[in-house]
1. Does Tyr162 count as open to solvent by less than 80 Å² (accessible area, probe 1.4 Å) and aromatic (Phe, Trp, Tyr)?
2. Determine which single condition Val107 fails, assuming it passes every other condition in (1) in contact (Cβ under 8 Å) with a residue 24 or more places away in the chain; (2) surrounded by 14 or more Cβ atoms within 10 Å (Cβ to Cβ).
3. Please work out which residue is farthest from Leu155 (Cα to Cα), limiting yourself to segment 115-131 and to residues that are in contact with a Gly (Cβ under 6 Å, 6 or more places away or on another chain) and at pLDDT below 95.
4. Could you identify the single residue in Ile92, Ile87 that is closer than 17 Å to Val145 by Cβ and open to solvent by less than 20 Å² (accessible area, probe 1.4 Å)?
5. Among the listed residues Ala133, Ala112, which satisfies the condition of being open to solvent by less than 60 Å² (accessible area, probe 1.4 Å) and in contact (Cβ under 8 Å) with a residue 24 or more places away in the chain?
Amino acid sequence: MKQFKKVQWVCLLVCLISSLYNAGWAIAAKETQSEVMALNWEDLIPEKERMQVPVVDDTPVDHDDDTPPQMKIGSVRHELNNRLIKIPGFVIPLEGDDKSVTEFLLVPFLGACIHVPPPPPNQIIYVKFKDGAPIKKLWDIVNVVGYLKTETVNLDLGEAAYVLYGNQLEDYQSEL
């Protein structure tokens with residue numbers, strides 16, 4: 001009888017340790033999932049498309065038109081959906097006031113969507129900040145942190161293939 005109780009206690013102890021060990025792995029996995037993934041603009045393009053040369057359109061550009069044509073090439077990386085990311089870029093404000101913006105486009109270079117044809121949709125991110133984000137200088141590069149979604153948004157300035165639900169806007173710091 002004592003031997004049987006001893007076996008029960010050992011089994012109970014093993015089960016308890018095993019469950020604590022597995023819980024530790026689950027917590028570690030969740031922490032890893034919530035780590036911020038630093039991306040650059042090339043990372044938004046599927047690897048097999050990164051070296052593709054765009055087809056040149058010989059149609060004359062209408063300089064009287066407000067919006068230059070956007071090249072609708074490239075797809076998105078679906079594995080980035082719902083990932084917490086950090087990406088640098090330039091802000092094109094859409095909604096907000098003189099102190100903060102609640103919605104903006106994040107683009108890879110200054111003047112994109114305004115002075116030149118918009119980049120492809122997978123190179124434009126539509127950013128939403130629920131409570132607004134402070135904007136100091138619109139011509140400065142910033143880092144935006146938030147959850148990325150592979151959703152298409154059509155705007156007058158161009159089509160965005162990603163939506164970022166921002167939770168932090170930082171001054172740009174080089175990762176070198």
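1. Considered against the rule, which asks whether it is open to solvent by less than 80 Å² (accessible area, probe 1.4 Å) and aromatic (Phe, Trp, Tyr), Tyr162 comes out as yes.
2. It fails just one condition, (1).
3. Looking at residues that are in contact with a Gly (Cβ under 6 Å, 6 or more places away or on another chain) and at pLDDT below 95, I get Pro120.
4. Ile87
5. Working: Ala112 fails: in contact (Cβ under 8 Å) with a residue 24 or more places away in the chain.
Just one listed residue meets the conditions, Ala133.
The values are calculated or read from the model by the stated rules, or taken from the named source; none is laboratory data. Since the model is a prediction, treat every value here as computed from it, not as a measurement. All Cβ positions, even for glycine, are placed from backbone atoms using ideal geometry, and neighbour counts span all protein chains on display. Heads up: the accessible areas ignore ligands, DNA and RNA and are worked out on the full protein's heavy atoms, side chains in. Shrake-Rupley method; radii C 1.70, N 1.55, O 1.52, S 1.80 Å.
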